[in-house]
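Take a look at the structure below.
The values are calculated or read from the model by the stated rules, or taken from the named source; none is laboratory data. These numbers were taken from a predicted model, which means no experiment stands behind them. Methodologically, a virtual Cβ is constructed for each residue, glycine included, from the backbone with ideal geometry; neighbour enumeration extends over all protein chains shown.
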Amino acid sequence: MDYRMRIDEIIFRILGDKREIDEETGLIEDLGFTSLQLFELISMLEDEFDVVVSVNKSFGIRTIGDLYVAANDLQKSGLKQGE
């Protein structure tokens, strides 16, 4: 499964339903994510992709597109959990 589809599935799990989303969809503004849901999202991304998302990187994630870029960058950098 493509990493974007994996991210979308995580978002749908947190929301509890499937919605129309694209790269411009805002996590807070459009989907209504709470701070707890954002934390859950970051945690689930770390588990799904076996990466570590730094606090600085997490603050820059505002849209679905930001998530795609962050996941892709982290996978390429190879920064794994436990390192």
Taking the condition of being within 11 Å of the chain's Cα centre (by Cα) and part of a helix (DSSP H, G or I), how many residues in the stretch 62-79 meet it?
9
Based on this model, can you work out whether Arg62 counts as of a type outside the set (Gly, Ala, Ser), out of contact with any helix residue (DSSP H, G or I) (no Cβ under 9 Å at 6 or more places or on another chain) and touching a residue at least 12 places away in the same chain (Cβ under 8 Å)?
yes
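This table checks each residue for (1) touching a strand residue (DSSP E or B) at 6+ places or on another chain (Cβ under 8 Å); (2) closer than 21 Å to Glu23 by Cβ; (3) at pLDDT below 85.
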{"residue": "Ser43", "(1), (2), (3)": "no, no, no"}
{"residue": "Thr63", "(1), (2), (3)": "yes, yes, no"}
{"residue": "Asp66", "(1), (2), (3)": "no, yes, no"}
{"residue": "Ala70", "(1), (2), (3)": "no, yes, no"}
{"residue": "Gln75", "(1), (2), (3)": "no, yes, yes"}
{"residue": "Gln81", "(1), (2), (3)": "no, no, yes"}
If we keep only residues of the stretch 49-61 that are part of a loop (DSSP other than H, G, I, E, B) and at negative phi, then the residue modelled with the highest pLDDT is Ile61
Tally up the residues in the stretch 1-40 that are in a helix (DSSP H, G or I) and touching a Phe, Trp or Tyr at 6+ places or on another chain (Cβ under 7 Å), please.
2
Note: among Leu36, Leu74, just one is surrounded by 15 or more Cβ atoms within 10 Å (Cβ to Cβ) and aliphatic (A, V, I, L, M), namely Leu74
